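Participant: One structure coming up, written as structure tokens, with questions to follow.
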Amino acid sequence: MWSLSNHSRSCCAIPRLRRLSQLLAAALVLCPLIARAAPSDLQSPWDAQPIALTEGAYTCPVPPPFSKSLDVEGYYTDAHHSVVDPKMFEATRKATQAPEDLGRWTTQAADAYRRHGSRAAAACVYSLLDAAARAHAWADAMPTSQGSYEQKWLLAGVAVAYLKVRLSGVGTPGQEKDIRKWLGSVAGRAIDYVEQKERSPNSDAWNNHRYWAGFAVCAAGIAIGNRSDYEWGISSYKAGVDQILPDGVLPREMARAGRALHYHLFALAPLIMIAELAEANGLDLYSYRNGAIHRLVQLCAAGLENPAIFANATGVPQEDFDATAGTSIGWAVPYVRRFPNAQLSALLANVRNTSFWMWGGLPPGGTS
């Protein structure tokens with residue numbers, strides 16, 4: 001028998017059911033957006049540091065001129081690849097200005113977002129990268145080795161810039177799709193180059209270029225959720241650390257004569273960055289090969305304070321450079337957070353800016 005009380009409960013239930021239906025419908029609409037915004041199972045060092053969006057202003061530059069390829073030559077004139085020809089260097093600088101501008105501008109915007117929460121800064125990263133993605137910028141196979149070098153350095157910088165903003169919620173679904181596809185394409189080029197060259201034991205597939213390619217591909221793999229690319233980056237770290245001698249020397253970098261110290265530092269940086277990406281995913285690479293990376297760090301720190309160590313080892317005076325520049329020691333920021341080191345901390349105390357666009361701007365843990 002239908003009672004008044006049953007009727008009342010039924011009447012009250014109808015609005016609740018209607019509201020539940022509306023909520024379910026809304027959830028179905030939002031689910032694809034949530035799925036696109038959510039990180040993959042691969043994490044970055046910045047994922048665990050949420051940023052609150054602000055309406056702080058940010059002036060985004062007009063995208064640089066894009067091209068699909070980069071026909072550029074190197075600028076060293078000797079067998080050690082240590083003596084720079086000024087005219088050739090200037091020609092290379094001009095030829096690579098556009099991709100390097102893209103790397104600098106996206107990393108600067110990403111760090112502005114990380115510092116201030118600026119929605120406009122995060123939107124700038126997406127805008128620049130989406131424009132590059134739609135233009136298939138510098139994503140073709142390169143006709144020269146130098147072009148391939150520039151391609152992977154670009155990938156390293158922009159992949160990290162993307163990782164820094166990917167949880168901002170600012171990117172549109174279309175931008176996310178375009179950018180991830182482009183990053184994956186450029187990562188494939190970096191892998192192809194190394195795998196073609198690694199058949200030769202004396203090629204650039206076994207020196208700092210391999211480590212930079214590994215860092216770039218590892219970062220891109222995290223960005224697009226491609227575990228194969230991530231693992232390829234990890235294997236590149238191991239390929240580098242496998243070469244570290246008991247005294248911390250990387251033989252292929254010591255062979256760079258007057259630039260041996262410079263190239264030890266340049267080789268160490270991407271190895272540290274890969275280790276940091278691995279740490280974010282629960283993998284301790286710092287302990288690989290009984291912590292061989294620490295021997296390289298100790299040698300580089302000693303060389304920063306006393307370049308004569310490298311001059312004596314190579315028989316050649318080391319090229320002058322700024323030991324306090326971010327490009328020389330920015331890698332030490334995440335390192336000393338994990339492994340306190342008074343010598344490195346003292347050197348860092350004199351550094352005003354630890355940013356370098358090739359490793360994505362500020363390193364993990366960096367604030368200046």
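Participant: What order do you get for 165-178, 292-305, 257-270 when each peptide is scored by the mean count of other beta carbon atoms within 10 Å, highest first?
Facilitator: On the way: 165-178: 18.2, 292-305: 19.9, 257-270: 23.7.
Highest mean packing first, the order is 257-270, 292-305, 165-178.
Participant: Still on this structure, I have one more. If I model a spin label as a point 7 Å beyond the Cα along the Cα-Cβ vector, how far apart are those points for D85 and S368 in nm?
Facilitator: Reported label-point gap for D85 and S368 is 4.2 nm.
Participant: Packing-wise, with mean Cβ within 10 Å as the measure, how do 57-64, 246-253 rank, highest first? Please report the intermediate quantities before stating the final value.
Facilitator: Numbers: 57-64: 14.4, 246-253: 16.5.
Descending packing order for the listed peptides: 246-253, 57-64.
Participant: Towards the positive end of the charge dipole of region 44-359, with charges on Cβ (+1 Lys, Arg; -1 Asp, Glu), say which of Q243, G315, G258 has the farthest Cα.
Facilitator: With unit charges placed on the Cβ atoms, the residue in question is Q243.
Participant: Please find, in a Gaussian network model of the chain (springs between Cα atoms separated by less than 10 Å), the residue of D284, D47, D78 whose mean-square fluctuation is greatest.
Facilitator: D78
Participant: Let me ask something else. Helix hunt in the chain: which complete DSSP H runs extend at least 20 Å axially by C-alpha with mean Kyte-Doolittle at least 0.0?
Facilitator: Taking the DSSP H segments of the chain (at least 20 Å long, mean hydropathy at least 0.0), we get 4-37, 119-134, 145-165, 208-224, 260-279, 288-305.
Participant: Which residue, W206, W138, W105, has the most motion in a Gaussian network model of the chain that connects Cα atoms within less than 10 Å?
Facilitator: In this elastic network of the chain, the residue with the biggest mean-square fluctuation among W206, W138, W105 is W206.
Participant: OK, next. Tell me whether region 265-324 comes out rounded, prolate or oblate; compute the Cα gyration tensor, take square roots of the eigenvalues as a ≥ b ≥ c, and use a/c under 1.5 as the rounded threshold. Let's see the in-between values first.
Facilitator: Working: a/c = 3.44, a/b = 2.22, b/c = 1.55.
Because a/c hits 1.5 or more and a/b exceeds b/c, region 265-324 counts as prolate.
Participant: Classify region 287-354: rounded, prolate or oblate, from the alpha-carbon gyration tensor (a ≥ b ≥ c, eigenvalue square roots; a/c under 1.5 rounded; otherwise prolate if a/b is larger than b/c)? Intermediate results must be reported in sequence, preceding the final value.
Facilitator: On the way: a/c = 2.31, a/b = 1.18, b/c = 1.96.
It comes out oblate by the Cα gyration axes.
Participant: Also, quick follow-up: Take T54, project a point 7 Å from its Cα along the Cβ direction, then tell me which residues of region 116-136 have their backbone nitrogen under 14 Å from it.
Facilitator: 116-122
Participant: From the helices alone, meaning DSSP H stretches of at least four residues, give me the mean residue ellipticity at 222 nm for the chain, per-run term -39500 (n - 2.57), in deg cm²/dmol to the nearest 500.
Facilitator: Working: 15 runs with 225 residues, N = 368.
About -20000 deg cm²/dmol.
Participant: Using +1 on the beta carbon of Lys and Arg, -1 on that of Asp and Glu, and nothing else charged, what's the dipole of the chain about the Cα centre, debye to 20?
Facilitator: Values: 34 positive and 32 negative charges, 330 e Å.
For the chain, the charge dipole is close to 1580 debye.
Participant: Moving on to the next point. Largest first and to the nearest Å, give the Cα extent of region 210-368 along each principal axis.
Facilitator: 45, 32, 25
Participant: Just flag the chymotrypsin sites (Phe, Trp or Tyr not before Pro) in region 316-368 sitting in loop per DSSP whose Cβ has no more than 11 other Cβ atoms within 10 Å. Present the calculation step by step, with values, prior to reporting the outcome.
Facilitator: Details: sites: F321, W331, Y335, F356, W357, W359; in loops: F321, W331.
Those that pass, being in a loop and sparsely packed, number zero.
Participant: I'd like the FRET efficiency for L245 and R199, computed as 1/(1 + (r/R0)^6) with the beta carbon distance as r and R0 of 25 Å, rounded to 0.05. Can you show the working numbers first?
Facilitator: Working: r = 24 Å, r/R0 = 0.96.
The pair L245/R199 has a calculated efficiency of 0.55.
Participant: What number of lysine-lysine pairs in region 44-359 show an alpha-carbon separation below 20 angstrom, given a sequence spacing of 8 or more or placement on distinct chains?
Facilitator: 12
We did not get these values from a lab; they are worked out from the coordinates using the rules stated. The model shown is predicted, which means the values in this text are computed figures rather than measured ones. So basically every Cβ, Gly included, is an ideal-geometry build from the backbone, and we count neighbours across all protein chains shown.
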